[in-house]
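*Asks:* Have a look at the structure that comes next, please.
The values are calculated or read from the model by the stated rules, or taken from the named source; none is laboratory data. All of these numbers come straight from a predicted model, not from anything done at the bench. Heads up, the Cβs are rebuilt from the backbone with ideal geometry, glycines too, and the neighbour counts pull from every protein chain shown.
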């Protein structure tokens, strides 16, 4: 059975939706002024999300033992932070450090909002790859200044 379309009812429903969205937007603007751990995390996500990567992702945990020389790649690892309290994980003392042959590599923070948690990773791009040779990568996972663990992967670039 098809009910007749009531244009007044449609307009009223649309008006309610628009007003609800406007109220939500106004509340969000007001709420954004308060620095709670979650609002700080949301701001961090906006600033650090969707960082561009180059080439293939290589993992220091079970990654390849050989890789093509002079071929772009990136290494990205980090910490999974559970809500509601993100403060232990989303601070400067929590990070992933990557060492190449014992030398700390520069990285960029990349944060993804996964709904019930946040993923804070450190990204290191190698846009031109590495020349032929054997290299040792060591990844160190740090939470609140405490080393959680480390992994080492030696890769021959051929």
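*Asks:* Only residues that are in contact (Cβ under 8 Å) with a residue 40 or more places away in the chain and more than 20 Å from residue 108 (Cα to Cα): list them for the range 120-147, please. Outline the logic, then answer.
*Replies:* Start the filter on the range 120-147 by keeping residues that are in contact (Cβ under 8 Å) with a residue 40 or more places away in the chain, which leaves 120-133, 137-145.
Residues satisfying the conditions are 131, 132, 133.
*Asks:* Looking at the range 95-119, I want the residues that are on the phi > 0 side of the Ramachandran plot and at pLDDT 90 or above and have a partner that is surrounded by fewer than 16 Cβ atoms within 10 Å (Cβ to Cβ) and assigned to a strand (DSSP E or B) with Cβ atoms under 7 Å, at least 6 apart or on another chain. Which pairs are those?
*Replies:* Taking only residues 6 or more apart or on different chains, the pairs are 101/135; 101/136.
Residue-wise test of (1) touching a strand residue (DSSP E or B) at 6+ places or on another chain (Cβ under 8 Å); (2) within 30 Å of residue 157 (Cα to Cα); (3) assigned to a loop (DSSP other than H, G, I, E, B).
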residue	(1), (2), (3)
69	yes, yes, yes
79	yes, yes, no
87	no, no, yes
90	yes, no, yes
96	yes, yes, no
99	yes, yes, no
106	yes, yes, yes
110	yes, yes, no
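*Asks:* Turning to a different aspect of this structure: Look at residue 73 and say whether it is buried (at least 16 other Cβ atoms within 10 Å of the Cβ) and either out of contact with any helix residue (DSSP H, G or I) (no Cβ under 6 Å at 6 or more places or on another chain) or modelled with pLDDT of 95 or more (or both). Can you show your working first?
*Replies:* Numbers: buried (at least 16 other Cβ atoms within 10 Å of the Cβ): yes; either out of contact with any helix residue (DSSP H, G or I) (no Cβ under 6 Å at 6 or more places or on another chain) or modelled with pLDDT of 95 or more (or both): yes.
Criteria met by residue 73.
*Asks:* Could I ask something else about it? From the set of residues in the range 120-153 that are modelled with pLDDT of 95 or more and outside any strand (DSSP E or B), which is nearest to residue 54 (Cα to Cα)?
*Replies:* Here the residue is 127.
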